[in-house]
Amino acid sequence: MLPRMSLPLSRTTSLDPRLLAAAPHRWLFFVGAINVLLAMAWWALWLVDARWQLGWLPEAPLFAGWVHAIVMQYQLLPPFMFGFLLTVFPRWMGLPELQRWHYVPVGAGLFGGQVAVIAGMLFGLPAWVQIGLFMTTAGWAYGLAQLLRVLVAEHRAGKGPTWHAWSCFAAMSLGLVGLACVLAFLHNDNAWWMFVAIKLGTFGLLLPVFFTVAHRMFPFFAGNVVAGYTPWRPMWLLAAAWLLLLAHLLLELTHAYAALFWVDIPLALFFTCILLHWWPREAAPGLLWVLFIGFSWLPLAFGLYAMQSGVYAATGEFLLGRGPAHALYIGFFGSLLVAMVTRVTQGHSGRPLAMPNAGWFAFIVLQAVAVVRVLAEVMPDAGLWQALAAISWLLAFLPWVLRSANIYLRPRIDQRPG
């Protein structure tokens, strides 16, 4: 690989859009930050329109709940994931950093794809939804190819294998399969394909990526800042997590909901044991605590899944509805999104590794949003509480997004490149 072409950095603090292409995390985190607001603004508007029957929106070309799940799993979170992975893959393997042509097209596809999908849903334009999903798939495939290039370069250099990288690559590959399922649904209108895409996005894509990154990075972070901390991250944990998550996925895909507790109880116990091993016993900075507090939503979510499955097996009642899923999406994914992206943004902009006020605000409000959204499934007037949760998500993220975007558009404060 050629050395990265450095952009001339201004000695002032003025905004410079050219800096977005200076590093993978700058461009893709910027895309992800904008996608966070666009995706939830549309969903909040749809929920408000549906709850109060306002008639603001035209008839949607696809079922909005499905599109919401696809946007969240394949368009909102993935820019952050690609931005992180395209940054750390070469570093994990001791290889040269990537050039802008390796990552700029990825963000373009993921950003343009989400804008087109949301515009299609807002204005009742099915062709736009299809174009957006094709753009997303193209950007995803390009990004996956760049990750594979790094893995191949590692092998040719006689290094590795770096199992964390291979685990993330496998999950991102399953993500591409999920997008192919969405495209298959658009082609033949068979709802089974959309069902597979949604379940694959949760248990084959997002959870393996988030857990793999946590397994590699959280003990490392803690070991650097907590006195006497002993990092614990045996590699068998990765294999066990994959086996359990794929078992859950298989049961979901075969509609064996009454048997899910046989897998979800072990998953809840598994992640609880990991959390207890990782939990700092001494004083730690806030930027570390938010990682472990966010991670604690993972065993809680699988505890809710296990309870839901057990009740269903005993009574046939599907208690909590989408509550366990939103404990994952908002509690786990949302919290760790704020925690991890804030840490990378602080460190890679030359700022102190400390939680800023906007980060604390987003993180704390998200905890309340997660609780409200889970409980909304069993509360009277669920539509009202779902709409309030979506609006609160926007309020939580707005200051954080504005602050983060401002950083990505400015030079590092230490004047280093990147």
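The values are calculated or read from the model by the stated rules, or taken from the named source; none is laboratory data. What you see is a predicted model; the values in this text were computed from it and never measured. Note that each Cβ is placed from the backbone with ideal geometry, even for glycine, and that neighbours are counted across all protein chains shown. Note: areas computed on protein heavy atoms with side chains; ligands, DNA, RNA excluded. Shrake-Rupley method; radii C 1.70, N 1.55, O 1.52, S 1.80 Å.
What does the charge add up to near Ala44, with Lys and Arg as +1, Asp and Glu as -1, over the other residues with Cβ less than 14 Å from its Cβ?
Details: positive: Arg51, Arg373; negative: Asp49.
Local charge sum for Ala44: +1.
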In nm, spacing of pseudo-spin labels at Trp163 and Leu250 (7 Å Cα→C-beta vector): 2.1 nm
Find the centroid of the Cα atoms in region 372-418 and in region 21-72, then give the distance between the two in whole Å. 12 Å
Quarter of Cα convex hull surface for region 285-365, i.e. mean projection, nm²: 5.3 nm²
Sequence-distant residues sharing a close amide H with Leu319 (under 5 Å, placed H): Tyr312
Of Arg343, Arg91, Arg26, which has the most accessible area with a 1.4 Å probe, and how do the rest follow in descending order? Arg91, Arg343, Arg26
For the chain, built as a Gaussian network whose Cα springs stay under 10 Å, the top-fluctuating residue of Ser309, Ser14, Ser173: Ser14
Most mobile listed residue (Leu304, Leu20, Leu402) in the chain, GNM with C-alpha springs under 10 Å: Leu402
Relative contact order computed over the chain (Cα-Cα under 8 Å; 6+ residues apart), in percent: 18 percent
Of Gln114, Ala387, Ala301, which is farthest towards the positive pole of the chain's charge dipole, taken about the Cα centre with +1 and -1 on the beta-carbons of Lys, Arg and Asp, Glu respectively? Gln114
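Once you list every other residue whose beta carbon is under 13 Å from the beta carbon of Gly359, what net charge do they have if Lys and Arg are +1 and Asp and Glu are -1?
Working: positive: Arg343, Arg351, Arg403; negative: none.
Overall, the nearby charge balance is +3.
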If each part is reduced to its alpha-carbon centroid, region 208-280 and region 312-339 end up apart, in Å, by 16 Å
Among Val177, Ala222, Trp192, flag the residue with its Cα farthest along the positive direction of the charge dipole of the chain, charges on Cβ as +1 for Lys/Arg and -1 for Asp/Glu. Ala222
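Grab the beta carbon distance between Leu395 and Trp232, set R0 = 51 Å, and tell me the FRET efficiency rounded to 0.05. It would help to have the intermediate numbers written out before the result.
Working: r = 37 Å, r/R0 = 0.73.
Step by step, r from the Cβ atoms, then E = 0.85.
Contact order normalised by length for region 327-392, with contacts defined as Cα pairs under 8 Å and 6 or more residues apart; what percent is it?
Once normalised by length, the contact order is 35 percent.
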Hey, got the dipole for the chain? About the Cα centre, +1 on K and R Cβ, -1 on D and E Cβ, debye to the nearest 20? 1540 debye
Which sequence of Asp264, Asp189, Asp414, Asp49 reflects their accessible areas, 1.4 Å probe, from the largest down? Asp189, Asp414, Asp49, Asp264
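Normalised by the empirical 2.2 N^0.38 Å for globular proteins, what value does the Cα Rg of the chain take? Provide the component values of the computation, followed by the final result.
On the way: Rg = 20.8 Å, N = 418, 2.2 N^0.38 = 21.8 Å.
Normalised by 2.2 N^0.38 Å, the Cα Rg of the chain equals 0.96.
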